[in-house]
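Right, one structure below, let's go through it.
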Amino acid sequence: MPLFSDKYDLIVVGGGPAGSIAAETAAGGGLKTLVLEKDRDIGIPVRCAEAVAAKHLPQYIKIDHKFIDNWVHKFLLVSPGGIGVHISIKEDGAILNRKVFDLELAKQAARAGAQVITRANVTGMERKDGLSTIKFQHYGKEYFVRAPLIIGADGVESRVGRWAGLNTNLPLTDIETCFQYLLYHPDIVNDRLDFYFGEEAAPGGYLWVFPKGDNCANVGLGISGNKASGQSVKEYLDKFVQKKFPGASILSSVAGSVPAHRVPKKITCDGIMLVGDAAHQDNPLSGGGILNALAAGRFAGQTAIKAFDLGDFSNRTLENYAKAWKKELGMEHNVLYNLKRIIQKFSDDDLDGIAEKLVQLPDDQRTLQKMFITAFAKQPAVVIDVIMNYLKE
């Protein structure tokens, strides 16, 4: 006998942050909910640099030090010419332990009444007569489960989105190809986020050093898809590590892709909602996706509850989820996407010029807001107004 039923109110494909919050919300509202996660363990492998603004987490989970590896309070931005700009941040930045964090989110979903099944590789979906049938492999056997509602939380290459006929294609310029090491080296600074820019470090993107404490750090980079030629992302990273952290111990490594695009025009259709990376909802400037995914999962779960209350699973009802996300985060998302497109046009000389201006400012005037104002000083006034409105500290 299988461990699961053949019919649910809601099936969530993907057990990451967006999927778990969606499942917790829906199950808490009384929906019979199933989460199907293809990997053996929730939260593994970690495809994330793990940094997040801590102040937003309590909306979704009680902060617990067991899933926070480190706290950071300042940035170092390094220009192509090696000019370092130190910037203090007013709010605590947390470096998560995603293995523990994601597992805790899944536990929350389970406590709310959702059923979570790992090693469940979804291989097909068909919708007929108001029900979607999900086909998946579990320990070598094939199973079928049905539900009127499906949430696709299955990442940037979302199969749920493709099966549903939703256009989630990405142009090369809006795909970040990423590679990351977890390193140990005595020269790693434990309370600072380091960012490196320029054609030599990470063309069309940036390189990061995010400390996890005890001289360990996630060290990785993302390169714009249209510039990932000539040498591999790993080769760029290896060159940096050999120069900056010679003899470092490599404790783990991971590769992946991050969408850096606008949210597609349609992320819902009859019986289907896409959340998180599947809907390109991560920050298109930084690539950070955790908080946006949590917000999307919450909105999608709430919309699922309303759909059952109405007995209406059509796109007309489900697109209220997309509208809620757009109202809360859509304007900021579009602003950041436009900033990304402008920044990608900056030359190494432009970036060095910005850094030179910033290092001349007193320490208390070096803020992220001032950095963006300096970077866009030659842009039309309307752009500066947008930056002021959405990047205030």
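The values are calculated or read from the model by the stated rules, or taken from the named source; none is laboratory data. All of these numbers come straight from a predicted model, not from anything done at the bench. Please note: Cβ atoms are built from the backbone with ideal geometry, for glycine as well, and neighbour counts cover all protein chains shown.
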For this session: State all residues of the stretch 302-351 that are under 21 Å from Leu274 (Cα atoms), of a type in the set (Lys, Arg) and more than 22 Å from the chain's Cα centre (by Cα); if no residue qualifies, say none.
Result: Lys306, Arg316
Exercise. Yes or no: Thr133 without any contact (Cβ under 8 Å) to a residue 24 or more places away in the chain, under 19 Å from Arg40 (Cα atoms) and in a strand (DSSP E or B)?
Worked result: no
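So, in the stretch 32-76, exactly how many residues are in a helix (DSSP H, G or I) and within 20 Å of Pro211 (Cβ to Cβ)?
Residues of the stretch 32-76 that are in a helix (DSSP H, G or I), as a first pass: 54-59, 65-67.
Cutting the leftovers down to within 20 Å of Pro211 (Cβ to Cβ) gives us 54-55, 57, 65-67.
Of the residues in that region, 6 qualify.
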For this session: Scan the stretch 1-31 for residues that are charged (D, E, K, R), more than 17 Å from Arg146 (Cβ to Cβ) and part of a loop (DSSP other than H, G, I, E, B) and report the count.
Result: 0
For this session: Using the structure shown, decide if Leu105 is in contact with a Phe, Trp or Tyr (Cβ under 8 Å, 6 or more places away or on another chain) and part of a helix (DSSP H, G or I).
Result: yes
Exercise. Identify, please: which residue in the stretch 198-212 is at pLDDT below 95 and crowded, with 16+ Cβ neighbours inside 10 Å and is, among those, farthest from Ile343 (Cα to Cα)?
Worked result: Ala201
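Among the residues of the stretch 88-102, write down those that are β-branched (Val, Ile, Thr) and in a helix (DSSP H, G or I).
Val100
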Exercise. Restricting the stretch 134-168 to residues that are within 19 Å of His261 (Cα to Cα) and among the hydroxyl-bearing types (Ser, Thr, Tyr), which is modelled with the highest pLDDT?
Worked result: Ser158
For this session: Kindly check whether there is at least one residue in the stretch 18-25 that is surrounded by fewer than 24 Cβ atoms within 10 Å (Cβ to Cβ), out of contact with any Phe, Trp or Tyr (no Cβ under 9 Å at 6 or more places or on another chain), among the aliphatic types (A, V, I, L, M) and in the same structural domain as Val160 (by TED's automatic domain parsing).
Result: no
